[in-house]
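To start, the structure under review is shown below, and the notes come after it.
The values are calculated or read from the model by the stated rules, or taken from the named source; none is laboratory data. As the structure is a computational prediction, the values presented were derived from the model and not from experiment. Don't worry about glycine lacking a Cβ; one is built from the backbone with ideal geometry, like all the others, and counts go over all protein chains shown.
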Amino acid sequence: MAALHPQIVHFTIVLVIVGVIFRLVSLFGRPAFASPAASTLLIAAALAAVVSVRSGTAAHGPVERAPGARPPVMEHEEWGERTQIVLLVLGAIELLGLAMRKSPKAKAVHVLAAVVGLAGIYAVYETGEHGGELVYAYAGGVGLRSGDPKDVERLLLAGYYHQAMADRAAGRHEQAATLIAQAAERYPGDPEVQMLAAESKLVDRKDPQAAIDGLNALQLPADNRFMAFRKGGLLADAYEASGRKADAAAALDAVLKVFPNGRLQQRLDALRK
């Protein structure tokens, strides 16, 4: 059930929000279907909240073992349990409203449901906020859905890339170059990583010839336009940095013969002036 947590919680979120909207609309007395629709959605939301908490509890163990992740995991879990309580109360109120639907006090029950429903939306928001922090700030849940080790490999590669970009932006070019070189060593068969390494030699190490050598040795998929444009552009940059404008133009021309592109054509025209 842990792998299904993202899908389950999104059902809960939608059921609560739409259900509360219907309940608020129903307070005006029309349309006639608004009240039964609200009851159906909000009772379903209460049930979905129970499943959401159970799936989250199943998922939290592996996530919280990552260094530094336990506090946000616990906070997300606590808000999930609070949300479950609010939605179960809301579901009970809606059941009461159904039982009293012919009573003159039914309107008061529906008003109470609307108020509790708004509290439920707030609780859902807070739970989602802390869940989002867990995913985006702590990379929580990587590898849980598929059990595929490649998920973790992609996480590691993303870590290399983003930290290298942060180091580069901060002027720490040597650290950026070191991280990208480590990534290239770890992923020797990935042409995108190898292209990133060539770019780092040019940008971080200021070694255009090393970048040229790396790019010329790189074999790309024949039908990948994006990578062809990127390789051609980087080669042109490296040749220009070496003072070899003719070679830069030739690199762009070779790409344009296979994959026409207006932006690269403009650059080629500028080089030939």
**Request:** Just need a number here: residues in region 117-153 that are modelled with pLDDT of 85 or more, surrounded by 16 or more Cβ atoms within 10 Å (Cβ to Cβ) and not assigned by TED's automatic domain parsing to the domain that holds Leu15.
**Result:** 0
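Given the structure, is Lys245 surrounded by fewer than 17 Cβ atoms within 10 Å (Cβ to Cβ), touching a Phe, Trp or Tyr at 6+ places or on another chain (Cβ under 9 Å), in the same structural domain as Gln194 (by TED's automatic domain parsing) and over 15 Å from Met195 (Cα atoms)? Full working, then the answer.
Numbers: surrounded by fewer than 17 Cβ atoms within 10 Å (Cβ to Cβ): yes; touching a Phe, Trp or Tyr at 6+ places or on another chain (Cβ under 9 Å): yes; in the same structural domain as Gln194 (by TED's automatic domain parsing): yes; over 15 Å from Met195 (Cα atoms): yes.
Here the answer is yes, as Lys245 does meet what is asked.
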**Request:** Just need a number here: residues in region 61-81 that are touching a residue at least 40 places away in the same chain (Cβ under 8 Å) and crowded, with 18+ Cβ neighbours inside 10 Å.
**Result:** 7
**Message:** Among the residues of region 127-145, are any part of a helix (DSSP H, G or I), in contact (Cβ under 8 Å) with a residue 24 or more places away in the chain, under 26 Å from Ala46 (Cβ atoms) and of a type in the set (A, V, I, L, M)?
**Reply:** yes
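Return yes when Thr83 is assigned to a helix (DSSP H, G or I) and under 12 Å from Val16 (Cα atoms) and no when it is not. Working first, answer last.
On the way: assigned to a helix (DSSP H, G or I): yes; under 12 Å from Val16 (Cα atoms): yes.
For Thr83, the condition - assigned to a helix (DSSP H, G or I) and under 12 Å from Val16 (Cα atoms) - is met.
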**Request:** Determine which member of the set Leu268, Leu252 is outside any loop (DSSP other than H, G, I, E, B), farther than 26 Å from Ala184 by Cβ and without any contact (Cβ under 8 Å) to a residue 60 or more places away in the chain.
**Result:** Leu268
**Request:** Determine which single condition Val255 fails, assuming it passes every other condition in (1) of a type outside the set (S, T, N, Q); (2) over 27 Å from Gln175 (Cα atoms); (3) surrounded by fewer than 14 Cβ atoms within 10 Å (Cβ to Cβ).
**Result:** (3)
**Prompt:** Can you pull out the residues in region 217-228 that are part of a helix (DSSP H, G or I) and either surrounded by fewer than 17 Cβ atoms within 10 Å (Cβ to Cβ) or touching a Lys or Arg at 6+ places or on another chain (Cβ under 8 Å) (or both)?
**Reply:** Arg225, Phe226, Met227
**Prompt:** Do we find that Val89 is without any contact (Cβ under 8 Å) to a residue 24 or more places away in the chain and not in a loop (DSSP other than H, G, I, E, B) in this structure?
**Reply:** no
**Item:** Only one of Ala177, Ala158 that is touching a residue at least 24 places away in the same chain (Cβ under 8 Å), part of a helix (DSSP H, G or I) and not β-branched (Val, Ile, Thr)
**Value:** Ala177
**Scope region 255-265; condition polar (S, T, N, Q) and either touching a Lys or Arg at 6+ places or on another chain (Cβ under 9 Å) or outside any helix (DSSP H, G or I) (or both); matching residues** = Asn261
**Prompt:** Among (1) among the charged types (D, E, K, R); (2) buried (at least 19 other Cβ atoms within 10 Å of the Cβ); (3) more than 14 Å from Val16 (Cβ to Cβ), which single condition is Glu94 missing?
**Reply:** (3)
